[in-house]
1. Name the residue that is nearest to the chain's Cα centre (by Cα), counting only residues in segment 165-188 that are of a type in the set (Ser, Thr, Tyr) and near the ligand (Cβ under 9 Å from one of its atoms).
2. Condition first: within 14 Å of the ligand (Cβ to nearest atom) and open to solvent by 60 Å² or more (accessible area, probe 1.4 Å). Now tell me which residues in segment 128-149 satisfy that.
3. Consider only pairs whose beta carbons are under 6 Å apart and that are at least six residues apart or on different chains; among these, list those whose first residue lies in segment 280-293 and is under 21 Å from residue 145 (Cβ atoms) and whose second residue is assigned to a loop (DSSP other than H, G, I, E, B) and of a type outside the set (Asp, Glu).
4. Tell me, which strands (runs of 3 or more DSSP E) lie completely within segment 178-293 with 3 or more residues that are in contact with a Leu (Cβ under 7 Å, 6 or more places away or on another chain)?
5. Which of the residues belonging to segment 189-213 are small (Gly, Ala, Ser), modelled with pLDDT of 95 or more and either open to solvent by 10 Å² or more (accessible area, probe 1.4 Å) or within 11 Å of the ligand (Cβ to nearest atom) (or both)?
6. Which fully enclosed helices (runs of 4 or more DSSP H) of segment 299-397 have 3 or more residues being surrounded by fewer than 19 Cβ atoms within 10 Å (Cβ to Cβ)?
7. Which of (1) out of contact with any Asp or Glu (no Cβ under 8 Å at 6 or more places or on another chain); (2) modelled with pLDDT of 95 or more does residue 346 not meet, given it meets every other one?
8. Take residue 59 and decide whether it is in contact with a Cys (Cβ under 7 Å, 6 or more places away or on another chain) and surrounded by 24 or more Cβ atoms within 10 Å (Cβ to Cβ).
Amino acid sequence: MTQRGVRRVVLIGGGIAGPVLGMFLQRIGVEATIFEARAAPLEQEGAFLGVAPNGMNVLAELGVARAVQARGAVCDGIRFENARGRGIGVIDQRDAARRFGAGLVMIRRGALHAALAEEAARRGVAIRYGMRLEGVDCSDPREVVARFEGGDEARGDVLIGCDGVRSRTRAAALPGAPAPGYTGLVDFGGFARCPGAPLQPGWSVMVFGRRAFFGAFAAPEGEVWWFHNSGEPAPEGAAAPGPLRERILALHEGDPGWIADVVRATPEVLGPWLLHDILTMPRWHAGRVCLIGDAAHAATPHAGQGASLAMEDGMLLARCLRDEPEPERAFAAFERLRRPRVEAIVRQARRNGSRKAVSGPVAGWLRDRALPLFLRIGAAAQERAHAYRIDWEERIA
Ligand SMILES: Cc1cc2nc3c(=O)[nH]c(=O)nc-3n(C[C@H](O)[C@H](O)[C@H](O)COP(=O)(O)OP(=O)(O)OC[C@H]3O[C@@H](n4cnc5c(N)ncnc54)[C@H](O)[C@@H]3O)c2cc1C
């Protein structure tokens, strides 16, 4: 490393945070290589997610918002219903572009990963697939060495762990960091054609069912993208053998009938995803290594912010490395600037999730009485999350 600061960066993980950070680093003239464990970029992977206006604004700053939006669809708003199908609240997103600078974009996970990876590669950010990090060597004070399965190595001035909630970087470089906590909720999802479902194109409907939660987005081409959350006290229970479809249908018995229609019309039920989060970690960095995205502060999907926070992290960390030549000071500035926002959102997501699965009729009755107030609080928190902007030109103090 020269006096000009960080020149070569090893990025572990080519999901969301990795390519976004890689593209911002490329913009400031820093050479970044992404090492991704998957063998190849996958177009078909997982279910779908929402990129919130704050995340879309980061992509707009990079000039990739259009490429991402073209592979997804803008969500006009979310209607919330109780188990009897009665409306209990609406979040109207139709003027999000005016209020926040961008809309909420729903996109399949594989399509988002592919759009970011392709754009990063097109701009000259190298992505090496089939490279699973095994260990990190920080014994040389002048550089950091990443060791991969199979014996390959990569050297950099710094190493950034963008390797998700089960981060190997975290385990290797910050031993003793708390493990992600299981939240007691599981997620399933799928894609269906169900013309009879009473859904409005471009809108999401979220149903607080008698025992479980169901969310559906009516994509413009007529597909229904859906997810289901239910309680599962022990992680092993979620992986118990048995047909997934029947389990989900049983949990929605007595809920609005279109939910069962959508689940039955789904060719392949995806999941389960056990939902974990990291409420707080004492430190996000050690020496020449720093964590970003889910590796540092995984949030459950219930606030719809994990991907967008990962994008914000990428932009802000690049700004810190641009303005502060000493890596440890850049990492400390990054953590100081990010921690209050991301931890508040991780907590909010945990709270949102806690209303999704109820244990019995009495708990359900009490939950339903509190839902309108809870939705108003949640909507205000969402508004704050969406309104957040990072100014690329601003310098780190
Ligand atoms: C079911 C579900 C639904 C969700 N819905 C939403 C939503 O609607 N909106 C939202 O904003 N967020 C949502 N999230 C959260 C969101 O997916 C994450 O917050 C986001 O993906 C974090 O991005 P990341 O880049 O930090 O990690 P990831 O996207 O997890 O990427 C990590 C990458 O690192 C790679 N990797 C892992 N280990 C290694 C290793 N040892 N060596 C090399 N590479 C490695 C992985 O293969 C992966 O490509 C959801 C999450 C789940 C589970």
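1. Going residue by residue through segment 165-188, those that are of a type in the set (Ser, Thr, Tyr) are 167, 169, 182-183.
Retained after the next criterion (residues that are near the ligand (Cβ under 9 Å from one of its atoms)): 167, 169.
Details: 167: 14, 169: 18 Å.
Ranking the qualifying residues of segment 165-188, first place goes to 167.
2. Within segment 128-149, the subset within 14 Å of the ligand (Cβ to nearest atom) is 128-136, 146-149.
Result: 128, 129, 132, 134, 147, 149.
3. Filtered contacts from segment 280-293: 286/174; 287/138; 291/284; 292/162.
4. On the way: elements: 181-193, 203-208, 213-218, 223-231, 270-277, 289-291.
Here the list reads 181-193, 223-231.
5. 189, 197, 204
6. On the way: elements: 306-323, 327-354, 361-387.
By residue number, 327-354, 361-387.
7. (1)
8. Values: in contact with a Cys (Cβ under 7 Å, 6 or more places away or on another chain): no; surrounded by 24 or more Cβ atoms within 10 Å (Cβ to Cβ): yes.
So residue 59 fails the test.
The values are calculated or read from the model by the stated rules, or taken from the named source; none is laboratory data. Treat the numbers as computed from the prediction; the structure is a model and nothing was measured. Virtual Cβ from ideal backbone geometry, glycine too; neighbours counted across all protein chains shown. In case anyone asks, the SASA skips ligands and DNA or RNA and just uses the protein heavy atoms, side chains included. Shrake-Rupley method; radii C 1.70, N 1.55, O 1.52, S 1.80 Å.
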